[in-house]
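Here the structure comes first, spelled out in C-alpha cells, and everything after it is commentary.
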Amino acid sequence: RGPQQLADHAPPRPPAVSSAADTTDKMQVAILITVHDALQWVIQCILAIWTNTDESMYTLYLINDKSSDATLAQLKYLTEHRAKVRLVNWDARAKLNGYTRAINLGLRTARSEFAYDAYCLLNSDTEVLTSRWLTSMARAAFADPTIGIVGPLSNAASYQSVPKLREVVNGSSDWSKNALPGVWTSQGVNEAVVRASRRMLIDVPILNGFCLFIKREVVDAVGLMDDVAFPYGFGEENDYCMRTKRLGYQLKVYEGGYVWHHKSKSYGDDTRRTLASKSKKTMRQRWGAQITAAVKALESNIQLKETRRRVERVVHQSQCPEGTLRVLFVLNPTKKPPGQPTLAMHGGWISIFNQAWGLRQRGVCSMVAISQWTKATFEANFPQLRKMEFLLTYPDEVRSPVDLASALYPHVPVFDVIVATLFTTVEAIGYLASCYPHVQTGYFIQDYEADFDNIDEEQRRRAYESYTHVDGMVLFAKTEWLQTKVSTNHNVTVHKVLPSLDLSAFDQARQVFLAEEAAKRTKGAADAGGRGGGLLLEAGATTKAPDDDATNAAVVEHHKATRRGHSTAKGALLANASAVHVVAMVRPSTPRRNPKATLQVLRDIKVAFGPATVVHTFGCDDDELDVFLAEEAGADLADLARDRKALVTHHGTLARDQVAALFAASDIFLDMSHWQAFGRTGLEAMAAGCVPVLPVGSGSEEYAKHGVNAMLHNTSDWKDAVKHITFLVSQRADLERMRDTALATSKHYDFGSASFRMLTLFCATVARRSYLPLPKPCAETLKAAAARGAGD
C-alpha cells in the first residue's frame, strides 16, 4: 500500500465486553514495539493492532532502534493522525543499537507518562489476529494475583510454538516456524488454536520474548531488562523471567491466545543463531542449574505437548474449508447384532440426516457421527453421501456416553456446534464441551424420551435430566407439541425449527406407480383383484415418472377412476370396487409403537372386509414378527399367528425407496403409536398418496387435520382406529377427497425453509462468541433472517 492509504487506515470499533464484572474493560495497557528497519513487517504489525484492538484500551509506543531515515519518515507519516501513538527516539538522540536498550527506553518513557496497568512487549514482526487478543491476555494475567507475566502461543516461539516444536533445517534441528500448511492462512491457524484451546493457563519457568504481557507491579518489583548482559536481546526475556520467578510470581502461557510471528525480520536467521548462542553462555553463568532445570521442565511439559497435539489435529484433520460454519450431529451408538444384520431406518435418523444435508446445501460443513457398522445402511438410504465426507464413524465397541465422548474427542475441535440427538448423546457432548470451550452445544430433541416404555428407571432419570444437563446448550424441536412439552416440564427455552423433509422419493414413487397402473390398464393386464401386483419393493428400483403435464393429468384421472366406489352398501362395495390397501409399520422392539394394537386393528379390518382390503406390514423381519405373535401377542391374536400369511402381507425391513413404493401402492397408512413427536412417516405417506390414520393429541397434528387430510384416533382404544379405517374403506369419495388434500399438504414442506431456520438459529448462537470471527455463511443468513423476520 502507499503511504496515503496507510495513513487513512480507519480505526476499529471497540469489541464488545462480555462481562460487566470484568475489570479489564477499563484497563490501560502500553504496547511497546522496537523498530529496527524491516518496514514492511512493522507496518503489517501496526495495522493488525489497529484493526484488532480496542483503541480505548491501549497506547502504542514505537521505539526507534537505529532505523533508517526512510523507515522513520514513513512510520511518522503513517501514525501522525493517531492520537494514541508515541514515537520514541525518532530523533535518534539515544544511540541504542540493540533491542534490550530500546525496550528499556520504551518502558521508561511509558512509565513516566502514565500509570499503565500492564505493558505488552511485542516484536515488530508479529501479527495479532483477533479482536480479543489483548483482552484475553489481560484477563489471563489478572485471573490470579500471583501471576506476573503471560505469553500466548505462536507459530514460531520456541516452546510456545504450535503445532510443531522443531524442524530440520539444512540437515540440523532448529525451532519450527510452522509454515502455513496447504491453503491455510495465519487467520485459519489462529482459529484452529482457538478451537483446540481449553482456555488453560499453563505454568512455565520462562517465556518467549516475542510477546510478553507484564503487570505493572512486576516492573515495579523486578525493574527493567538487563541491557548490559543482553544488549541485543536473545536471552534478556529468559533472564527477566528468572528474576520474576525468584520474587514469587508465576509465569503462564495462555493457550487460548495466538500471535503470528514472522520471525527474524529485523535480525536474520544467522544473526539470531549467533546472538542466541552468546546469550546461552551468559545465562548458564548467571543461573547455572536453574536454567538447565527450566529447559528440562519446558521439554517435558505435558500440557504444552497436549496443546501441540490438539492444534495439529485441528489443522491436519479438518475436512472443512477454512472459515465455514461447522456442525456435527451425534447419533447414539447402535449395537451391532451377530451375523449379517439389517438396520431399519428410523424417522428420527432421517430427520437428522435431512437437516444436516440441507445445511450442507447452504454452505455449512455439516457431518453426522454414527456407529461404523451402520455406514453401509445410511449410504444405501442416502446415496449422495458416498461422494463426500459426510459421515464421521466411531468404533462399534462404543457403548457408554464416556466411550462416545472419548471416540469423538480427537474430531470435535474442528466444529463450531455439536448437536445431541438422544439423551445419551447429551451426556457425551457435555463431556466434550468441558474439553473444548469454543464449541456450542445443541440438542435436536426428537421425542420426549422420558416417557418411553422400553427404558429402565435409571435411563428415565437421565432422559428427564438431559434437557438441563449441559450449561448453555441450545434446545430445539420441530413441532409445537414437543416444544411446549419440554419447555413446560423443564422450565427451559426450546426453539422451534421446521421439519426437514425430502419427500421427493415418495412423490416420485407415486408417479411411477400411477404410470405403471395406467400402462397395465391400457394393455389389458390389470389384475381382477385390483392394485397389488405392481409394488416396487426391490431395493433401489426406479422407473422414470412421466413428466409430460398432459400425460400426468391423464394418469391421475385414470387412477381416481379405478378407485371410485361410491356405494355405501358393503355388498356392493365388495362386488364392484377394487381392493383398498392398508399399510402399517410393526416394530415389536419398540413398545410405544404399539405393535399388538396395530396388528389387532389390521386383523379386524381384514376379517371385516375380506378381499376388499389388502393388508401390508413392514418394519421388522419375519422371524421377529412370528416370535412376537407367538410369545407376546397372546390369545387376542391367536388367529393372526396361525394364519398370518393369509391375512397380512409382511415385507420385512425396507429401505427408504422400498417404503416409498409400498406407500405409493397403498391407500391408508395406520400409525398406532401411543404418541408421535412429529410423525414423519405419516407425512411421507401423504406425499405418496396415502391417507394416514394417526394418534390424536401429539406432534402429528402439526400437519394432520382430522377428516381433512387424515384421521386422528385415540390409540388407547384400538377399536377407534378400526372405526376410522372402516369409514375410509367404505366411503371412497371421502378417501379420495382426503387423499387429494393430503397430497397438497405434503407440498408445503420443503428442504430449503427448514435448513434456513436451523442455520439462522446456529448462526445467532455462534455470533455471540467474540473470540472467533463469524463463519460463512452466517453474515448473509442473519441479514436475510432479519429482512424476512425469521426466528422464534
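The values are calculated or read from the model by the stated rules, or taken from the named source; none is laboratory data. A quick note: this is a predicted structure, and the numbers were derived from the prediction, not measured. Virtual Cβ from ideal backbone geometry, glycine too; neighbours counted across all protein chains shown. Remember, those area values only see protein heavy atoms, side chains included, never the ligands or the DNA or RNA. Shrake-Rupley method; radii C 1.70, N 1.55, O 1.52, S 1.80 Å.
With respect to Arg86, is the statement that it is under 24 Å from Met225 (Cα atoms), at pLDDT 95 or above and surrounded by fewer than 17 Cβ atoms within 10 Å (Cβ to Cβ) true?
no
From the residues in segment 226-256 that are open to solvent by less than 10 Å² (accessible area, probe 1.4 Å), farther than 26 Å from Phe114 by Cα and touching a strand residue (DSSP E or B) at 6+ places or on another chain (Cβ under 9 Å), which one is modelled with the lowest pLDDT?
Out of the qualifying residues, it is Glu255.
If you take the residues of segment 469-492 that are touching a residue at least 24 places away in the same chain (Cβ under 8 Å) and part of a loop (DSSP other than H, G, I, E, B), which of them is most open to solvent (accessible area, probe 1.4 Å)?
Among them, the one singled out is His469.
Condition (residue is over 22 Å from Glu312 (Cα atoms) and without any contact (Cβ under 8 Å) to a residue 40 or more places away in the chain) applied to segment 422-435: is it met by at least one residue?
At the first step, the residues of segment 422-435 found to be over 22 Å from Glu312 (Cα atoms) are 422-428, 430.
If we keep only those that are without any contact (Cβ under 8 Å) to a residue 40 or more places away in the chain too, we end up with none.
No; the residues of segment 422-435 include none that is over 22 Å from Glu312 (Cα atoms) and without any contact (Cβ under 8 Å) to a residue 40 or more places away in the chain.
Suppose we keep only residues that are part of a helix (DSSP H, G or I) and open to solvent by less than 10 Å² (accessible area, probe 1.4 Å) within segment 357-380. Which one would you say is nearest to Gln317 (Cα to Cα)?
In this case the residue turns out to be Leu359.
For Leu96, indicate whether it is touching a residue at least 24 places away in the same chain (Cβ under 8 Å), surrounded by 18 or more Cβ atoms within 10 Å (Cβ to Cβ) and in a loop (DSSP other than H, G, I, E, B).
Yes: the conditions hold for Leu96.
Residues to consider are Leu298, Leu304, Leu325; find the one that is touching a residue at least 24 places away in the same chain (Cβ under 8 Å) and under 15 Å from the mean Cα position of the chain (by Cα).
The conditions single out Leu325.
Which one of the conditions (1) open to solvent by less than 10 Å² (accessible area, probe 1.4 Å); (2) without any contact (Cβ under 8 Å) to a residue 40 or more places away in the chain does Ile33 fail to meet, given that it meets all the rest?
(2)
One line per residue, one yes/no per condition, for (1) open to solvent by 20 Å² or more (accessible area, probe 1.4 Å); (2) under 23 Å from His262 (Cα atoms); (3) within 42 Å of the chain's Cα centre (by Cα); (4) at pLDDT below 70:
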| site | (1), (2), (3), (4) |
| --- | --- |
| Pro12 | yes, no, yes, yes |
| Asp22 | yes, no, yes, yes |
| Val29 | no, no, yes, no |
| Cys45 | no, yes, yes, no |
| Ala48 | no, yes, yes, no |
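Search segment 668-681 for residues that are aliphatic (A, V, I, L, M) and pair each with any residue that is part of a loop (DSSP other than H, G, I, E, B) when their beta-carbon atoms are under 7 Å apart and the residues are at least 6 apart or on different chains.
Sorted first by the residue in segment 668-681, then by its partner, the pairs are Ile668/Cys690; Met672/Asn594; Met672/Thr715; Ala677/Gln446; Ala677/Asp447; Ala677/Tyr448; Ala677/Thr479.
Report the residue count in segment 316-356 for those that are closer than 30 Å to Pro181 by Cβ, open to solvent by 10 Å² or more (accessible area, probe 1.4 Å) and in a helix (DSSP H, G or I).
2
Which of the following residues is of a type outside the set (Ser, Thr, Tyr) and modelled with pLDDT of 95 or more: Leu75, Leu129?
The unique qualifying residue is Leu75.
When only residues in segment 739-773 that are aliphatic (A, V, I, L, M) and assigned to a loop (DSSP other than H, G, I, E, B) count, which is nearest to Thr441 (Cα to Cα)? Walk me through how you get there before you give the answer.
Taking segment 739-773 and keeping what is aliphatic (A, V, I, L, M), we get 742-744, 754, 758-759, 761, 764, 766-767, 772.
Filter once more, keeping what is assigned to a loop (DSSP other than H, G, I, E, B): 767, 772.
Numbers: Ala767: 14, Leu772: 16 Å.
Checked segment 739-773; the qualifying residue nearest to Thr441 (Cα to Cα) is Ala767.
Of all residues in segment 226-263, which are among the β-branched types (Val, Ile, Thr) and part of a strand (DSSP E or B)?
Start the filter on segment 226-263 by keeping residues that are among the β-branched types (Val, Ile, Thr), which leaves 228, 244, 253, 259.
If the condition is that a residue be among the β-branched types (Val, Ile, Thr) and part of a strand (DSSP E or B), then Val253, Val259 are the ones that fit.
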